[in-house]
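The values are calculated or read from the model by the stated rules, or taken from the named source; none is laboratory data. All figures in this text were calculated on a predicted structure; none of them were measured in a lab. Here the Cβ is made from the backbone with ideal geometry for all residues, glycine too, and neighbour counts use every protein chain on show.
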Number of protein chains: 2
Amino acid sequence: MSTPSRRRGHDPESVLSIAVGVFNERGYDGTSMEDLARALGVTKSAIYYHVPGKEQLLARALDRALDGLFALAADERAATGPAIDRLEWVVRQSVRVLAERLPYVTLLLRVRGNSATEQAALERRREFDAFVSHLVKEAAAEGAIRPDLDPALVTRLLFGAVGSIAEWYRPERGASADDVADALVTMAFDGLRG
Amino acid sequence: MSTPSRRRGHDPESVLSIAVGVFNERGYDGTSMEDLARALGVTKSAIYYHVPGKEQLLARALDRALDGLFALAADERAATGPAIDRLEWVVRQSVRVLAERLPYVTLLLRVRGNSATEQAALERRREFDAFVSHLVKEAAAEGAIRPDLDPALVTRLLFGAVGSIAEWYRPERGASADDVADALVTMAFDGLRG
DNA sequence: GTGTTTACCGAACATTCGGTCAGTTGACAA
DNA sequence: TTGTCAACTGACCGAATGTTCGGTAAACAC
């Protein structure tokens with residue numbers, strides 16, 4: 001078996017997932033290695049047996065979020081068909097990635113650029129933002145977006161709403177990720193008026 | 001005059017406004033008193049002449065944001081007329097408060113509850129959230145919101161989009177606060193389709 | 001000119017920070 | 001029984017943290 005008999009103890013993966021949980025509760029800078037050790041049920045030094053240090057934990061977490069977003073952007077369905085349909089697909093997939101990798105994406109959305117690690121993540125994130133921004137402009141050029149709406153504003157408000165989902169979405173209760181995506185697409189594309 | 005001849009030096013107000021700027025750049029926990037001192041052009045100890053400490057700076061900043069939001073919620077125009085119109089008015093005013101008190105509201109939106117100060121701010125913020133949530137439910141009950149949209153989801157997505165404005169809005173360039181509010185209301189209420 | 005206040009500096013404080021390292025433990029193999 | 005090794009502990013390091021305090025130079029009040 002690939003996951004054999006080891007009864008107790010952590011590995012790099014379990015350390016990462018627990019650490020990211022604490023990072024999201026207290027903020028990365030507000031989390032000490034003591035906090036992580038307490039959450040893991042071990043002493044501080046045990047963490048260093050599994051991972052090189054605090055910043056590497058952050059880097060791995062941010063990569064996990066960004067890899068999900070870039071995979072979505074590279075999909076064929078983001079490149080063929082009317083831009084407005086591709087935009088809707090990208091919005092839905094962004095919600096899916098956010099839900100599937102919730103703690104990692106949540107962490108990404110809060111990065112401020114305090115270290116080289118954070119700056120590198122921000123750089124990749126700006127790349128994704130440029131991708132969706134281009135998509136909205138295409139949809140506008142194809143006449144699929146109301147001409148009185150600035151495409152740049154639409155991009156920011158639309159994906160601002162997507163990102164805000166990370167602040168309250170909990171997979172175990174309430175609406176499913178698809179429900180949330182449906183509601184967002186309905187509201188943003190067709191309006192909330194009854 | 002009320003602001004007389006004092007040539008140099010800071011006061012609690014100038015310390016607060018500069019400190020909040022740094023808090024938003026690096027995050028509250030990522031900001032040291034050394035960082036603040038550098039931004040103020042003084043030494044660390046000089047800060048304590050003007051303000052009691054780091055956490056008090058945070059408390060004052062958060063109150064400034066929350067006072068703006070509660071003032072809006074207490075306005076008569078948020079209490080009379082069709083709920084959908086009141087909701088639109090509250091959205092527009094929220095954008096206005098966010099723009100007018102941008103650094104303070106930005107800071108508020110990032111609070112995680114790490115200290116008693118932060119928890120108190122989160123408590124007041126939840127109170128405001130409950131107010132807008134009630135407003136959306138009223139609008140839905142009056143039949144002004146598409147029945148296929150869950151009011152709780154609409155509230156979170158709509159005000160998630162409002163909050164996301166803090167991440168990119170800069171008063172000196174780009175769209176004005178009213179432009180942004182117009183775009184948000186148009187998109188969310190009537191949809192972005194052309 | 002003298003006394004007082006305002007605004008600040010420099011040194012030090014106790015504590016916490018991320019990180020290191022020599023040694024211990026306990027499960028398993030031979 | 002002995003040896004191996006993954007997983008971990010506990011003591012510790014230097015640096016950075018928020019805060020305090022004694023002192024002080026310049027501006028103002030009289």
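Okay, here's what the table says:
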read-out	value
Hey, residue A:70 under 22 Å from residue B:169 (Cβ atoms) and touching a residue at least 24 places away in the same chain (Cβ under 8 Å) or not	no
Any hit, the range A:2-12, residues being β-branched (Val, Ile, Thr), away from chain B (no Cβ under 14 Å) and within 15 Å of DNA strand C (Cβ to nearest atom)	yes
Among the residues listed as B:67, B:75, the single one being more than 14 Å from DNA strand C (Cβ to nearest atom) and out of contact with any helix residue (DSSP H, G or I) (no Cβ under 8 Å at 6 or more places or on another chain)	B:67
The lone exception for residue B:163 - which of (1) surrounded by fewer than 18 Cβ atoms within 10 Å (Cβ to Cβ); (2) within 15 Å of the chain's Cα centre (by Cα); (3) within 8 Å of chain A (Cβ to nearest Cβ) it fails	(1)
Among the residues listed as A:37, A:19, A:61, the single one being within 9 Å of DNA strand D (Cβ to nearest atom), modelled with pLDDT of 95 or more and not aromatic (Phe, Trp, Tyr)	A:37
Selection from the range A:109-138 of residues that are under 14 Å from the mean Cα position of the chain (by Cα) and closer than 21 Å to residue B:165 by Cβ	A:109, A:110, A:111, A:122, A:125, A:126, A:128, A:129
In the range B:97-146, the residues that are free of Cβ contacts under 8 Å to residues at least 12 places away in the same chain, under 23 Å from residue A:192 (Cα atoms) and more than 13 Å from chain A (Cβ to nearest Cβ)	B:130, B:134
Filter pass, residue B:58 being touching a residue at least 40 places away in the same chain (Cβ under 8 Å), among the aliphatic types (A, V, I, L, M) and either away from DNA strand C (no atom under 16 Å from the Cβ) or within 23 Å of residue B:168 (Cβ to Cβ) (or both)	yes
Residue list for the range A:171-185, restricted to those being assigned to a helix (DSSP H, G or I) and more than 9 Å from every other protein chain (Cβ to nearest Cβ)	A:177, A:178, A:181, A:185
Checking residue B:31 against (1) crowded, with 16+ Cβ neighbours inside 10 Å; (2) more than 8 Å from DNA strand D (Cβ to nearest atom); (3) among the hydroxyl-bearing types (Ser, Thr, Tyr), the condition it does not meet	(2)
Residue among B:183, B:175, B:188, B:161 that is touching a helix residue (DSSP H, G or I) at 6+ places or on another chain (Cβ under 7 Å) and touching a residue at least 60 places away in the same chain (Cβ under 8 Å)	B:188
Test: residue in the range B:50-73 that is farther than 30 Å from residue B:40 by Cβ, surrounded by fewer than 18 Cβ atoms within 10 Å (Cβ to Cβ) and within 14 Å of chain A (Cβ to nearest Cβ)	no
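Quick grid of which residues meet (1) within 23 Å of the chain's Cα centre (by Cα); (2) under 16 Å from residue A:128 (Cα atoms):
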{"residue": "A:19", "(1), (2)": "yes, no"}
{"residue": "A:24", "(1), (2)": "yes, no"}
{"residue": "A:27", "(1), (2)": "yes, no"}
{"residue": "A:34", "(1), (2)": "no, no"}
{"residue": "A:38", "(1), (2)": "no, no"}
{"residue": "A:49", "(1), (2)": "no, no"}
{"residue": "A:54", "(1), (2)": "yes, no"}
{"residue": "A:63", "(1), (2)": "yes, yes"}
{"residue": "A:76", "(1), (2)": "yes, yes"}
